[in-house]
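Report on one structure; see the data block that follows.
We did not get these values from a lab; they are worked out from the coordinates using the rules stated. Because the structure is predicted, anything quoted here is derived from the model rather than measured. In this analysis, Cβ positions are derived from the backbone assuming ideal geometry, glycine residues included, and neighbour counts consider all displayed protein chains.
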C-alpha cells in the first residue's frame, strides 16, 4: 500500500501510488478506510461491488462513493479489498467486519469524494492520483 496525506485547507487530500490501476483503486479504498477508521480492521465477511463508468477517471470516485455508501448503510468497515478493472468496468471484493464503536471511532467522518482536480497519472512503474475526501 502506498498512500500519504497531503496538506489541504478544509478536507483530506491523499496521494495514492500503485503499480497497476487495480492496485491504485484498492489502495485508494484502503486510504479512505484508514482516514475513517484507523488500523484496527479485520476481514470477517465479504461484500461485492460491480460498477461501470463512462471514463476511468470517474470510475474511481464512483467506486469510493459506493464504498462510503456500503460503510454507512451496512455499518461495514473494510479491512481488505481486491479490485479488478477491465476498461471502465470494476469488480471489487470487500473483506471487512461490522462497525464496532469501541475500535472504529478513531478517524474522520468522510461525507463524499471530490471530483475536483481528479486525474489518474501514468508514471514510470505505475500510476498515481491525488484525491480529496470531503469532510
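Numbers at a glance
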quantity: Translational diffusion of the chain, µm² s⁻¹ [Kirkwood Rh, Cα pairs; Stokes-Einstein; 25 °C; 0.890 mPa s]; calculated: 166
quantity: Computed over the chain: relative contact order in percent, which uses C-alpha pairs under 8 Å that are six or more apart; calculated: 33
quantity: Residue-averaged 222 nm ellipticity for the chain, from DSSP H runs of 4+ at -39500 (n - 2.57), nearest 500; calculated: -9000 deg cm²/dmol
quantity: Distance from region 12-41 to region 100-135 (C-alpha centre basis), Å; calculated: 7
quantity: Label-point separation, residue 6 to residue 114 (7 Å along Cα→Cβ), nm; calculated: 1.1
